[in-house]
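Visitor: Below are the structure tokens for one structure; questions will follow.
The values are calculated or read from the model by the stated rules, or taken from the named source; none is laboratory data. What you are looking at is a predicted structure, and each value in this text was computed from that prediction instead of being measured. Backbone-built Cβ (ideal geometry, glycine too); neighbour counts: all protein chains shown.
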């Protein structure tokens, strides 16, 4: 399995040789440093590769993590479960060149936080009727219970107003459109969750 971490930058267009334009998202990345290798035979009991991403001042990292990473500070320490964990060594780097144009990938990241939102924006409700006699009900949820529906109570899982966004979303069926090793940029087809600067996981599908 191939994987990298990157930051979302912007969206762009890539023109193919056939004259068809493809929409893509530009991700900016830097090499990952392997900080730990876990195998099934070890005390961990599963295969995974732990990596550090984006260097951090050691003064901002606690002593436990500094000891684990051999005195180097990272903003992000994350692990990826992979069956070929034995192919990696501690201290080695994983660069953008692990992927190639045309590779099928899936990405994951946190969506934009929208704050507290009503049912129209959060769940796509139509709101109340705009007929004569209605007042201030254009974006209301309407009835949420009643004796005929759920025994006079509010059923579990009822879609209501609340906090929206800021959730982890995985998007599959994407592919690599372009790779620029000099700039450290990789362009993924389609839209990627999150705002500019969001940490994105890119994994081979």
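Condition check ((1) exposed (fewer than 15 other Cβ atoms within 10 Å of the Cβ); (2) touching a residue at least 12 places away in the same chain (Cβ under 8 Å)) across all residues:
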site: 95; (1), (2): yes, yes
site: 113; (1), (2): yes, yes
site: 120; (1), (2): no, yes
site: 154; (1), (2): yes, no
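Visitor: Taking residue 166 and the conditions (1) touching a residue at least 40 places away in the same chain (Cβ under 8 Å); (2) surrounded by 13 or more Cβ atoms within 10 Å (Cβ to Cβ); (3) on the phi > 0 side of the Ramachandran plot, which numbered condition does it fall short on, given that it satisfies the others?
Guide: Answer for residue 166: the failing condition is (2).
Visitor: Right, next: Would you confirm whether any residue within segment 183-200 is more than 15 Å from the chain's Cα centre (by Cα) and surrounded by fewer than 17 Cβ atoms within 10 Å (Cβ to Cβ)?
Guide: Yes: segment 183-200 contains one or more residues that are more than 15 Å from the chain's Cα centre (by Cα) and surrounded by fewer than 17 Cβ atoms within 10 Å (Cβ to Cβ).
This table checks each residue for (1) surrounded by 14 or more Cβ atoms within 10 Å (Cβ to Cβ); (2) assigned by TED's automatic domain parsing to the domain that holds residue 182; (3) in contact with a strand residue (DSSP E or B) (Cβ under 8 Å, 6 or more places away or on another chain); (4) closer than 27 Å to residue 190 by Cα.
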| site | (1), (2), (3), (4) |
| --- | --- |
| 20 | no, yes, no, yes |
| 41 | no, yes, no, no |
| 50 | yes, yes, yes, no |
| 55 | no, yes, yes, no |
| 63 | no, yes, no, no |
